[in-house]
Amino acid sequence: MTLDQLRPGERAVVQTMAGQGANRRLYDLGLLPGTEIQVIASHPFRGPLVLKAQDAVIAVGRGLARKIPVTRLDMKSGDTK
Amino acid sequence: MKSAEELVIALVGQPNVGKSVVMNHLTGAGAVVSNYPGTTVELTEAEFNAQGTRMRIIDTPGIYSLHSDTEEQRVTHRVLLEDEVDLIINVVDASHLERSLYLTLQLLDLEIPMIIALNQVDMAKESGMIISDQGLSDLTGVPVFPMVAVKGEGLQELKTYLQGFASHRTYLKVGRPMVFSPQVEAVIGQFEERLAALVPSDGNRHLSHPLRALAIHLLEHDRLDEALLAAEPELKDAIESLQKDISQGTYVCKECFRGCAFCPRGQEHPALVTCLERTQAARDLAAKVTHRSNLATASMRAKIESLLDAPFPGIPALIAVAFFSFAGVRWFMDLSEEAVTTALSPITRLFLALSSSVASSPILSALVSAIPDGFLIPLSIVFPAMIAIYTVMAVLEDTGLLPRMAVAADRLLSPFGVPGQAIIPLILAFGCKVPAVLSARAVPGKKARSVLSILLTITIPCAATMGALAGLSQKFGANLAVMYGSSAAVFLLLGLVLGQFVPREEREMALEVPPLRAPQLDNVLVKLWMRLRGFFSHVLPILVLTSVGIRILLDLGVLSFLAGFDKISVRFLGIRGQSLVAVAISAVQRYMGPVVLMNLPLSAREATIAGAMISVSLPCLPTSVLLARENGWRTLVIAYAAASAVSLCIGFFLNALLPVF
């Protein structure tokens with residue numbers, strides 16, 4: 001699944017992204033493969049997603065979020081972490 | 001160039017981490033301090049003396065990594081390697097330690113003496129993290145200074161250290177570069193050997209890099225500085241073919257026989273492997289020195305942040321903030337206009353009395369009657385508007401509310417082809433176009449940035465223009481709603497058309513949202529002062545000179561030849577030829593347009609049409625210069641063409657639609 005499918009409150013881990021270079025902008029913001037994220041807010045009308053990654057709050061446009069593969073953590077494993 | 005006794009110190013760190021605050025404390029100079037990413041877009045330098053040694057401090061643009069993907073990264077990289085920097089002060093955000101340390105690890109590769117300023121330890125503590133500065137120092141091999149720069153805590157220690165180091169350079173300490181996994185190290189080692197043979201050395205540096213740093217830099221497929229390699233085309237070709245070998249897997253290291261693209265480290269690109277390992281190293285390093293306490297309680301700040309970050313009630317709240325900010329600006333302008341006019345009335349009367357006594361000389365009388373007008377309008381309307389708008393902007397920047405507005409505005413701005421960050425330049429444009437065009441750098445895409453810059457320079461009235469237009473409405477009863485309404489219509493239409501030219505990937509937002517904080521009075525005042533001091537030296541003389549100049553031209557009948565155009569311009573635009581001068585003169589300074597109009601005998605209708613045409617006409621001279629510098633000549637030409645067309649269209653339509661009043 002991809003980042004844009006997550007709902008507010010859900011946690012996920014970023015997977016390896018295809019391609020290179022273009023993703024550095026995301027790396028700079030801390031959205032690297034293996035990073036655990038939590039969606040804080042999802043703006044309506046296909047607006048941006050606001051997430052927490054590595055203690056920082058990051059806003060990502062919907063189209064960009066659609067290109068970021070993630071694995072959702074179910075609530076239990078998310079809580080034990 | 002630097003002299004022998006001078007020490008060059010570079011401040012390096014992420015955007016918004018407090019580099020400028022540290023700089024201000026060390027040097028006492030006024031570098032602008034801000035709370036939204038991308039403010040320190042230009043290098044700021046200052047000097048201070050310590051024990052007879054001159055220290056030059058360079059404040060570099062905020063960057064997250066040293067890869068050469070962005071202009072800011074390339075600038076910082078160049079400064080560090082080519083400016084003979086003696087010491088790097090790496091400002092690290094204690095509350096985002098893991099991410100900050102990625103850059104720290106890259107800096108350690110450069111083998112330049114370094115110290116770490118561990119800033120915002122209070123924020124870290126608030127979210128339950130205690131960071132061992134001793135531990136961090138042991139693991140990186142460089143001194144660490146914990147501090148809360150905005151409150152001035154811990155800065156004295158840093159200053160004392162720098163003073164000590166002025167007298168004993170032996171303090172200078174190169175840190176411990178990170179070690180990659182054996183496979184990656186093997187590739188780096190071999191790459192180093194090849195580079196050593198290829199690249200001529202300058203002492204122990206190759207192309208200003210330590211050999212290892214150069215190898216890693218090239219492995220990560222970073223473009224080397226073009227200027228650096230342009231002198232040596234053969235070297236450039238050799239390096240590029242080496243990079244290609246590695247990425248295609250024909251380059252074989254001693255660890256395996258299959259070539260790098262097939263390295264067991266993963267199917268990823270070798271560039272990705274080093275980046276990933278560095279990320280992991282930063283994560284481990286952060287974990288080793290961080291002690292998490294469970295004392296983290298949901299603070300007041302965190303609660304407000306979570307409310308503002310949600311679409312509801314975040315968006316309405318932010319709109320309310322924007323609304324009240326501008327209501328405050330208007331209130332202040334109304335209040336101050338009366339006060340300033342009253343205060344200046346004795347001077348006005350004095351000039352009035354003077355004008356009757358010099359009526360015999362046309363030039364003198366024009367001068368005498370023009371001077372009070374020239375001063376009154378700028379001081380009673382333009383200046384208060386600038387104070388009010390700059391104050392509001394400074395507060396919004398300092399609190400971290402601006403980036404939140406960017407997130408809230410993202411969806412709203414997407415039809416115009418620009419990401420949410422565009423809201424910052426758009427709002428700033430209501431103050432002045434010059435900082436607005438500069439801050440458009442917050443939008444990463446080149447086309448998106450050009451579109452945004454064209455749109456805001458044409459359609460948004462700056463504080464000075466708004467003040468001058470208000471004067472127009474007062475003097476002739478020109479209709480402000482019509483003038484601003486037509487600007488808004490042009491913004492929508494022009495934006496929708498230009499937005500079509502922005503490629504999809506440039507529309508997407510990727511932005512860090514910094515924590516909220518209470519505005520710091522001294523930050524706000526410093527910023528206000530820096531922006532206002534230009535008013536008296538640059539703006540006021542120009543306003544007065546034009547006002548006086550136009551008066552004299554009118555009285556001497558020089559402009560009367562324009563009456564020849566009256567037929568055409570009245571027929572199509574509803575204004576006389578002389579008013580067209582006002583529209584054209586806005587290319588020098590837009591707010592001068594209305595000032596020129598005020599010296600003409602106009603009807604309310606004429607003033608409205610001319611004012612509306614001015615408010616969407618050519619960008620002013622300083623803005624034009626910046627527009628070309630930031631976005632290229634093409635953008636400037638497009639802006640001029642669009643502005644001329646739009647301005648004439650507005651005149652034409654208003655003339656056709658407006659009833660005579």
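No lab work stands behind these numbers, since they all come straight from the coordinates. Model, not experiment: these values are computed from the prediction. Glycine gets a Cβ as well: all are built from the backbone with ideal geometry, and neighbour counts include every protein chain shown.
Structural remarks
- Cβ-based net charge around B:Met466, under 13 Å, with every Lys or Arg adding one and every Asp or Glu removing one: +1
- Between region B:338-367 and region B:126-204, the alpha-carbon center distance in angstrom: 66 Å
- Checking the Cα-Cα distances for A:Lys52/B:Lys303; B:Lys151/B:Lys303; B:Lys151/B:Lys433; B:Lys19/B:Lys159 against a 21 Å cut-off, the pairs over it are B:Lys151/B:Lys303; B:Lys151/B:Lys433.
- Spin-label model distance (nm) - B:Ala320 vs B:Ser361, 7 Å beyond Cα toward Cβ: 6.2 nm
- Between B:Arg194 and B:Phe652, the FRET efficiency estimated from the beta carbon spacing at R0 = 60 angstrom works out to 0.35.
- In terms of packing, defined here as the mean over residues of other Cβ atoms within 10 angstrom, the peptides B:82-95, B:193-206 line up highest first as B:82-95, B:193-206.
- A Förster radius of 30 Å combined with the Cβ-Cβ distance from B:Val660 to B:Leu492 puts the calculated FRET efficiency at roughly 0.65.
- Extension gain from B:Ser603 to B:Glu240, taking 0.36 nm per residue of separation minus the Cα-Cα distance: 123.8 nm
- Summing charges over neighbours of B:Ala448, with a neighbour being any other residue whose Cβ is under 12 Å away from its Cβ, gives +3 when K and R count +1 and D and E count -1.
- Cα-projected label distance for B:Gln500 with B:Tyr161, points at 7 Å along beta-carbon direction, nm: 5.8 nm
- Taking 0.36 nm per residue of separation and subtracting the current Cα-Cα distance, fully stretching the chain between B:Arg330 and B:Leu344 would add 2.9 nm.
- Per residue of B:509-517, other chain Cβ atoms within 10 Å of the residue Cβ number 6 on average.
- Extension gain from B:Arg301 to B:Asp566, taking 0.36 nm per residue of separation minus the Cα-Cα distance: 89.2 nm
- Taken residue by residue and averaged, Cβ atoms of other chains lying within 10 Å of the Cβ of A:29-42 number 4.
- For B:Trp633 and B:Asp83, the FRET efficiency from 1/(1 + (r/R0)^6), where r spans their Cβ atoms and R0 equals 30 Å, is about 0.50.
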